[in-house]
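Taking it in order: structure first as structure tokens, then the write-up.
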Amino acid sequence: MAGTGRPPASAAADGRSAGAPDKRRLAALGVPADDEFLYRTLLGRPRATVAELAAVTGWDTARVRRRTRSLEKRGMLTRMQSRPVRFSPAPPDVAIEVLALQRQEEIERARLVAASLTDEFRSARRHVEGGPALQVLTDRESITQRFFQVQRSARDEILMLDRPPYAVQPAPQQTAVQRELLRRGVRHRTVYDHRSLGSPEQLARCRELSRLGEDGRVLADVPLKLVVVDRRVALVPVAESAEGEVREVMVLGASPLLDGLLVLYELLWQRAVPLWPGAGGAERELSYEDERLLALSASGLTDQAIARRLGVAQRTVERRMRRIMNLLGARTRFQAGLQAANRGVVMAPEDHGVM
């Protein structure tokens with residue numbers, strides 16, 4: 001109708017006046033477009049009635065009433081005590097400050113919810129990666145599955161204490177997992193009990209892992225088996241059957257107990273000696289007699305028994321063994337014996353059975 005000041009129907013239908021879309025700035029504070037449009041209309045027509053607002057906006061009166069109630073809840077207008085009811089807009093600085101404070105409260109509540117969700121996420125993640133701070137596995141299938149699962153989750157480092165008997169027997173599978181991780185750049189440090197290296201197959205396996213990058217050391221008596229991944233989760237066998245089969249494995253997450261096991265590991269690592277000390281060109285300096293002496297020593301004979309067998313003084317055997325150990329870079333007789341086994345040094349048939 002001419003002369004009413006009513007905006008075109010297309011603009012009024014979606015709550016906009018001509019040129020108004022670029023003025024909608026309150027959406028960031030949670031104000032719907034219709035509410036903002038009506039508030040802006042009231043700023044230009046304070047004390048307007050429902051009918052007047054309907055005429056200006058082109059809305060029906062029901063829509064105007066819904067929007068005025070919404071604005072009232074937001075503190076953006078005041079319902080005046082008059083007949084008919086008139087509406088007065090709140091001053092913009094006051095209205096915007098109230099909206100900003102409400103949004104800040106919502107943000108703080110969201111942060112509290114986020115903190116709660118984060119705790120739930122971390123708890124769930126601990127359960128997936130290593131269970132709660134303490135979990136006990138009691139069946140062989142679960143033990144085997146977790147043993148390989150935890151290792152494959154490694155990103156930086158795996159620490160191991162290795163001693164018989166073994167919870168997971170398929171050595172080829174374990175070797176394959178270690179190969180994969182070493183090629184990915186995951187560092188391996190392993191302290192082997194000397195009983196773990198009792199077979200040529202085990203020695204060959206350890207030698208291969210050493211070539212791939214494993215840092216191995218050996219200790220006369222490793223007190224327990226242990227696997228620690230990235231210093232965040234550990235597996236510790238805690239119960240064995242009479243036959244030596246592992247029946248229970250403790251899975252540890254971040255905890256003082258895990259911290260204590262890490263301290264124990266480092267102490268054992270310091271006490272252990274390198275499994276494969278670098279020999280450089282020393283092997284070329286070992287004579288046939290040196291190799292025979294190494295083989296006899298590796299077989300468990302005492303220096304006195306070796307001296308009797310070779311027809312020399314015991315002090316001569318001791319002096320020659322010190323020289324051989326220096327050439328091989330070995331700190332113990334056991335290391336020297338490992339070097340001998342690794343090089344394929346064996347006793348001649350006539351040396352068998354000598355005590």
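No value in this document is a laboratory result; all are computed from the given coordinates. Since we're looking at a predicted model, the values are computed, not measured. All Cβ positions, glycine included, derive from the backbone under ideal geometry; neighbour counts span all protein chains shown.
If we count other beta carbons within 10 Å of each Cβ, what is the order of 160, 76, fewest first?
By the 10 Å Cβ count, ascending: 160, 76.
Taking the Cβ of residue 104 as the center, what net charge do the other residues with Cβ under 11 Å away carry, scoring Lys and Arg +1 and Asp and Glu -1?
Neighbour charge sum, excluding residue 104 itself: -1.
So if each residue of separation counts as 0.36 nm, and I subtract the Cα-Cα distance between residue 177 and residue 113, what length gain in nm does that give?
Full extension of this stretch gives 19.0 nm more.
Tell me the label-point distance for the pair residue 156, residue 333, using the 7 Å Cα-to-Cβ offset, in nm and rounded to one decimal.
4.1
Out of the DSSP beta bridges found with both residues in region 134-274, what percent are antiparallel (nearest 5)?
Among the beta bridges of region 134-274, antiparallel pairing accounts for roughly 65 percent.
Calculate, in nm to one decimal, what residue 247 and residue 69 gain on full extension: separation in residues at 0.36 nm each, minus their alpha carbon distance.
Full-extension gain reported as 57.2 nm.
Label-point separation (nm) for residue 211 and residue 254, each offset 7 Å from Cα along Cα-to-Cβ?
4.0
If you take the Cα Rg of region 173-272 and divide it by 2.2 N^0.38 Å, with N the number of residues, what do you get?
1.12
Report the FRET efficiency, 1/(1 + (r/R0)^6), for residue 61 and residue 83, where r is their Cβ-Cβ distance and R0 is 22 Å, rounded to 0.05.
The calculated FRET efficiency here is 0.85.
Would you compute, for the Cα atoms of region 45-118, the largest minus smallest coordinate along each principal axis and list the three values in descending order, in whole Å?
Computed over the Cα atoms, the extents are 52, 24, 19 Å.
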